[in-house]
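S.K.: Below are the structure tokens for one structure; questions will follow.
The values are calculated or read from the model by the stated rules, or taken from the named source; none is laboratory data. It should be emphasised that the depicted structure is a prediction, and the values quoted were computed from it without experimental measurement. Neighbour counts are summed over all protein chains in view; Cβ atoms, including those assigned to glycine, are modelled from backbone coordinates with ideal geometry.
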Amino acid sequence: MASSLPTTLRMLVVAWRGAREALSFSSTRLRQHTGAHLHRIDRYSAVDAVALAGQRVESAPFRLGGHEWQLHFYPRGVLATSDAAGAGRVSVDLMLRRARDPWWRLLPALREDVTAAYRVSILDGDGNRAFGAAVGPRRFRGSWSSAGAEDVATVEELRAALQRGGEGGGGDGIVVRCDVTVTSLEKESRIKWCIRQLVGKLSLDSIITSSQVDEISTSSFDNESI
């Protein structure tokens, strides 16, 4: 009987390996990282007076979703034809400065794209959204790639808003807010998927247990009050 036990175990191991080879499992889930960056431009009327079409104001680099980003703000638009007095549009562009890539993805053929959507808002003196534009989702092809310039408002619209704000004591500066959502598809192994499902179930069970305890405590309190 004892000698047959190792043989049985070996048979079970072989059967388990065969089952694993016959059926494999993996999963993919969508992950999103969202954040915001605020950039203030003081004395905007002076900036607007000297800015030429194609000249930009750059925000400080900021990190989101494991990547480094930068917002480009064009007071007179991107194209030289938009530089006529009283014409043109205020434009923005989001730049992916550095993607979170391992060293072997620095090669152009192995570069991994980054997908992101963003929304730019020009805030008034009270912090309310005066102008804005939503962009995306867009594909950024590696570091130092951009989404492409988007118009937010006309030059005259922003000047008029600043003038109204100045009359109301709002000052001569603007705040540009950029909300970015980075989207990625994450592959999971069978073990990682099972662990995530188990953790989620344990969290749900703890919530249910806490709710049941609260109900029992409330019921006991009501009975004692009666």
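S.K.: Go through segment 31-57 and give me each residue that's of a type in the set (S, T, N, Q) and outside any helix (DSSP H, G or I).
M.R.: Gln32, Thr34, Gln55
S.K.: If you don't mind, another one. Please enumerate the residues belonging to segment 131-147 that are at pLDDT below 90 and of a type outside the set (S, T, N, Q).
M.R.: Correct list: Gly136, Arg141, Gly142, Trp144, Ala147.
S.K.: I need a count of the residues in segment 174-202 that are at pLDDT below 75 and basic (Lys, Arg).
M.R.: 4
S.K.: What's the number of the condition Leu9 fails, among (1) at pLDDT below 90; (2) in a strand (DSSP E or B); (3) surrounded by 10 or more Cβ atoms within 10 Å (Cβ to Cβ)?
M.R.: The failed condition is (2).
S.K.: Of the conditions (1) hydrophobic (A, V, I, L, M, F, W, C); (2) modelled with pLDDT of 95 or more; (3) touching a Pro at 6+ places or on another chain (Cβ under 9 Å), Ile41 satisfies every one except a single condition; which number is it?
M.R.: Result: Ile41 fails condition (2) only.
S.K.: Select from segment 55-78 the residues that are among the hydrophobic types (A, V, I, L, M, F, W, C) and in contact with a Phe, Trp or Tyr (Cβ under 9 Å, 6 or more places away or on another chain) and write down the one among them that is nearest to Ser45 (Cα to Cα).
M.R.: Here the residue is Val57.
S.K.: Residues Gly166, Gly127, Gly171: which one is of a type outside the set (S, T, N, Q), assigned to a helix (DSSP H, G or I) and either closer than 17 Å to Arg40 by Cα or modelled with pLDDT under 90 (or both)? I'd like the intermediate steps shown before the answer.
M.R.: Details: Gly127 fails: assigned to a helix (DSSP H, G or I); Gly171 fails: assigned to a helix (DSSP H, G or I).
Of Gly166, Gly127, Gly171, the one residue that is of a type outside the set (S, T, N, Q), assigned to a helix (DSSP H, G or I) and either closer than 17 Å to Arg40 by Cα or modelled with pLDDT under 90 (or both) is Gly166.
S.K.: Can you go through Ala116, Ala153 and tell me which one is under 16 Å from Ala36 (Cα atoms), hydrophobic (A, V, I, L, M, F, W, C) and modelled with pLDDT of 90 or more?
M.R.: Exactly one residue qualifies, and that residue is Ala116.
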